[in-house]
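As structure tokens, the structure follows; a few thoughts come after it.
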């Protein structure tokens, strides 16, 4: 591998460029994973970035986390007997239960993202 250099003010700097990556749109889980990698795992972040695998990694994590989120929400709703009937009868209780379920599921997924 031959590295090319350019001279700037009498100093030689290597000409480095990152591989091109496809554009992705991440939800909150993908963005949290990116933030975690930058803050707590900078070597892993740098390796993924320079190898061109960062966006694929983030997209995979994001997709898996969203699938898990939806699945867990449904499982918790069944387990706690949160139905449309409850929503019609006691809307405030339904909202409280759904917020509780969402917060629990968010915590579970956040722990998984940080591994």
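The values are calculated or read from the model by the stated rules, or taken from the named source; none is laboratory data. Fair warning: this is a prediction, and the values are worked out from it, not measured in the lab. Cβ atoms come from the backbone with ideal geometry, glycine included; neighbour counts cover every protein chain shown.
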Here the qualifying pairs (Cβ atoms under 9 Å; residues six or more apart or on different chains; first in segment 35-48 and touching a residue at least 40 places away in the same chain (Cβ under 8 Å); second exposed (fewer than 13 other Cβ atoms within 10 Å of the Cβ)) come out as 36/114; 40/114
Taking the stated definitions as given, is residue 97 out of contact with any helix residue (DSSP H, G or I) (no Cβ under 6 Å at 6 or more places or on another chain), without any contact (Cβ under 8 Å) to a residue 40 or more places away in the chain, surrounded by fewer than 14 Cβ atoms within 10 Å (Cβ to Cβ) and more than 24 Å from residue 113 (Cα to Cα)?
no
On the basis of being closer than 20 Å to residue 35 by Cβ and either out of contact with any helix residue (DSSP H, G or I) (no Cβ under 7 Å at 6 or more places or on another chain) or not in a loop (DSSP other than H, G, I, E, B) (or both), does residue 112 make the cut?
yes
Could you give me the residue pairs with C-beta distances under 8 Å whose first residue belongs to segment 60-75 and is more than 13 Å from residue 108 (Cβ to Cβ), whose second residue is part of a helix (DSSP H, G or I) and at pLDDT below 95 wherever it lies, and which are 6+ apart or on separate chains?
61/113
So residue 86, is it within 21 Å of residue 103 (Cβ to Cβ) and in contact with a helix residue (DSSP H, G or I) (Cβ under 7 Å, 6 or more places away or on another chain)
yes
For residue 91, work out the one condition from (1) over 29 Å from the mean Cα position of the chain (by Cα); (2) surrounded by 15 or more Cβ atoms within 10 Å (Cβ to Cβ) it doesn't fulfil.
(2)
Take segment 41-56 and flag every residue that is in contact with a helix residue (DSSP H, G or I) (Cβ under 7 Å, 6 or more places away or on another chain) and surrounded by fewer than 12 Cβ atoms within 10 Å (Cβ to Cβ).
none
Please indicate, with yes or no, whether at least one residue in segment 27-40 is part of a loop (DSSP other than H, G, I, E, B) and either modelled with pLDDT of 95 or more or surrounded by 12 or more Cβ atoms within 10 Å (Cβ to Cβ) (or both).
yes
Among the residues of segment 57-88, what is the count of those that are surrounded by 14 or more Cβ atoms within 10 Å (Cβ to Cβ) and part of a helix (DSSP H, G or I)?
17
